[in-house]
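A.B. asks: Quick one: structure below, then a few questions.
The values are calculated or read from the model by the stated rules, or taken from the named source; none is laboratory data. These figures come from a predicted structure and were not determined experimentally. Here the Cβ positions follow ideal geometry from the backbone for every residue, glycine too, while neighbour counts run over all protein chains shown. Keep in mind that these areas ignore ligands, DNA and RNA; they rest on the heavy atoms of the full protein, side chains included. Shrake-Rupley method; radii C 1.70, N 1.55, O 1.52, S 1.80 Å.
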Amino acid sequence: MKTLLDLAPEKLKILRKRAGPNSNEADHDQTGVNITGLSPIRVRKGIRVLGNYREEEGFRRRFSEEVDDERESRSATRAPNRRCAATARNPRLRRRRLFPPFSDGRRRRRRRSPHPSSAADPSSPATPIREPRCSHPSRLVSSASASAAAARFAWDDALTLAADEGGGASSDLRGFFERVRSCNRGSELKSEFVPFLVEEQIMGYVHKGEFSFVEHLRKFNDVISVALGNNGRNFDEHITLHPSLTTPDDRTRAVGNVIKCLGELIPGIRNELYPVTSSYGMPVFFSLERAAAPYFGIKAYGVHMNGYVEKDGQKFLWVGKRSDTKPTFPGMLDHLVAGGLPYGITCKENVIKECEEEAGIPRSISNNAIPVGAVSYTDIEGYRYKRDVLFCYDLRLPADFIPKNEDGEVDSFRLVPVSHVANIIQTTEFFKPNCNLVIIDFLFRHGYINPDSCGYLQLLQSLRSGDCS
């Protein structure tokens, strides 16, 4: 007779199917294993820890004790009455009491939830968080909309927490690494995407396979040409625009019509065009709706500005709280000024424009904004292949300046000590994810992160994890 430990992997799959409510109705399953007397919970546990137990006897003894301990604890929590006393003395009665049978005689098993102390802490650096994978059009919905629930916090919550953590630089950089990782997810999913070519140059990447974004694009064969091998294994697989689309205007118009036809598959349409180019400053092949940029995997550029004030030798950052009506990351903390870089405008002009719209900063002050570098990241989620480069600016503001939002996208502003901003980033997810990268870069340049801290250089390099070109 075979034992659980003799099973081949393929037969374990069959046994897993047997680990259901009908698993005790037969003495043997298709594997030839006698599973009489093994409850479904013990079978599932045995499968899970099979590699750690080399003897079936040890396996049976350990999990039999666990199940009995749970029965004892459940019985002990009941009110002491005559029936419970009798149940405690008789194991068979105790089993019937805890797990009453179905009408056909099968034993009922109660679902057991994990003990709170054994649950993994998602905020722990040692616990990687992996997004669920699926192959369904619902993957098109961004997690940004899901962040609305997590953004229900008030200014007092953030500021009190920051003050409780204390001021000054910290040698523990783990919180910063977590924020960087949250912007660079899904590297293991790159193989699910194919290049998007224009004039034989890679402009981006599009999701392939069953229920993929490519399958939606196939319907528009007068605009999009799809070249995939059998089962998507061809090395030369790619998508490109139809050869009849030869000018940037023709491509912009045709692809724009495709995006309109896709409708709700691409949420958050803004009617704002991004340039499609192989790298910054290179020729523009056409322009693409901003909301569609991650679905075609094109590089997108933006500007983020740190607006800071110096008082009594201490630096403060102006921090904004996004409006609750924003389609992306509503209610989260944000930079004083930030925005995407649309087609036909320079970075400097965009900073000045955003300063006036988002914070009411006049041109006489915003002209003093200093370019200080760039950060980059690659975030792959579902059908979205987000490749962003953010140009960073610093602007020292007058001590008496009070920002005022003009476009309704910001709920309010607060002036926060830089050390407290660092604490908020390290210990919470209150900030819009890509803002964390820009502020961490600010902390490096202004001496708030110590070079002697473990992981200093690694963190510095990680701020440019994406294709910064």
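A.B. asks: Among 344-350, 369-375, 426-432, 437-443, how do they line up by average Cβ neighbours within 10 Å per residue, starting with the highest? Please list the in-between numbers first.
C.D. replies: Working: 344-350: 13.9, 369-375: 17.7, 426-432: 19.6, 437-443: 24.6.
The most tightly packed comes first, giving 437-443, 426-432, 369-375, 344-350.
A.B. asks: Same structure, new question: How much FRET efficiency would the formula 1/(1 + (r/R0)^6) give for Ser453 and Leu197, where r is the Cβ-Cβ distance and R0 is 41 Å, rounded to 0.05? Kindly include the intermediate steps, with their values, before the conclusion.
C.D. replies: On the way: r = 43 Å, r/R0 = 1.05.
The formula returns an efficiency of 0.40 here.
A.B. asks: If DNA, RNA and ligands are ignored and the probe is 1.4 Å, what is the ranking of Thr160, Thr240 by accessible area, most exposed first? Could the numbers behind the result be given before it?
C.D. replies: Details: Thr160 75, Thr240 35 Å².
Correct descending sequence by accessible area is Thr160, Thr240.
A.B. asks: Rank by packing, highest mean first: peptides 248-258, 317-327, 285-295, with packing defined as the count of other Cβ atoms within 10 Å averaged across residues. Walk me through the numbers before you get to the answer.
C.D. replies: Numbers: 248-258: 16.9, 317-327: 18.7, 285-295: 22.2.
Output ranking for 248-258, 317-327, 285-295: 285-295, 317-327, 248-258.
A.B. asks: In addition: Roughly to the nearest percent, how much of the accessible area of segment 390-469 is carbon and sulfur, given a 1.4 Å probe?
C.D. replies: Details: 1690 of 3500 Å².
Exposed carbon and sulfur together represent 48 percent of the surface.
A.B. asks: Suppose every K and R has +1 on its Cβ and every D and E has -1 on its Cβ; what is the size of the dipole of segment 190-292 about the Cα centre, in Debye to the nearest 20? It would help to have the intermediate numbers written out before the result.
C.D. replies: Working: 10 positive and 13 negative charges, 36 e Å.
For this selection, approximately 180 debye.
A.B. asks: Also: Please compute one quarter of the surface area of the Cα convex hull for segment 190-292 and express it in square nanometres.
C.D. replies: Its average projected convex-hull area is 6.7 nm².
A.B. asks: Compute the distance in nm between two label points, each set 7 Å from the Cα along the Cα-to-Cβ direction, one at Ser323 and one at Asp249.
C.D. replies: In this crude spin-label approximation the distance works out to 3.4 nm.
A.B. asks: With contacts defined as alpha carbon pairs under 8 Å and 6 or more residues apart, what's the relative contact order of segment 190-292 in percent? It would help to have the intermediate numbers written out before the result.
C.D. replies: Values: 150 pairs, mean separation 22.0, N = 103.
21 percent.
A.B. asks: Additional query: So what is the accessible area of segment 384-469 per residue, in Å², with the probe set to 1.4 Å? Intermediate results must be reported in sequence, preceding the final value.
C.D. replies: Details: 3660 Å² over 86 residues.
Result: 43 Å² per residue.
A.B. asks: At 1.4 Å probe size, with the rest of the protein present, what percent of the exposed accessible area of segment 190-292 is carbon and sulfur atoms?
C.D. replies: Numbers: 2760 of 5530 Å².
That fraction is 50 percent.
A.B. asks: In Å², what does the accessible area per residue of segment 190-292 work out to with a 1.4 Å probe? Kindly include the intermediate steps, with their values, before the conclusion.
C.D. replies: Numbers: 5530 Å² over 103 residues.
That works out to 54 Å² for each residue.
A.B. asks: FRET efficiency for Asn257 and Thr160, Cβ-Cβ distance as r, R0 = 60 Å, nearest 0.05?
C.D. replies: On the way: r = 51 Å, r/R0 = 0.85.
That pair, Asn257 with Thr160, gives E of 0.75.
A.B. asks: Ok, one more. What's the local net charge at Val410, with K and R +1, D and E -1, over the other residues with C-beta under 14 Å away? Walk me through the intermediate numbers first.
C.D. replies: Numbers: positive: Lys321, Arg322, Lys326, Lys404, Arg414, Lys432; negative: Asp324, Asp334, Glu354, Glu356, Glu357, Glu358, Glu406, Asp407, Glu409, Asp411.
That sum, taken over residues with Cβ under 14 Å, equals -4.
A.B. asks: Another question, then. Taking θ as phi - 60°, what are the ³J(HN,Hα) couplings along segment 326-343 by the Karplus curve (6.51, -1.76, 1.60), each to the nearest whole Hz, with x for Gly and Pro?
C.D. replies: 4, x, 10, 6, x, x, 8, 6, 8, 5, 4, 9, 6, x, x, 9, x, 5
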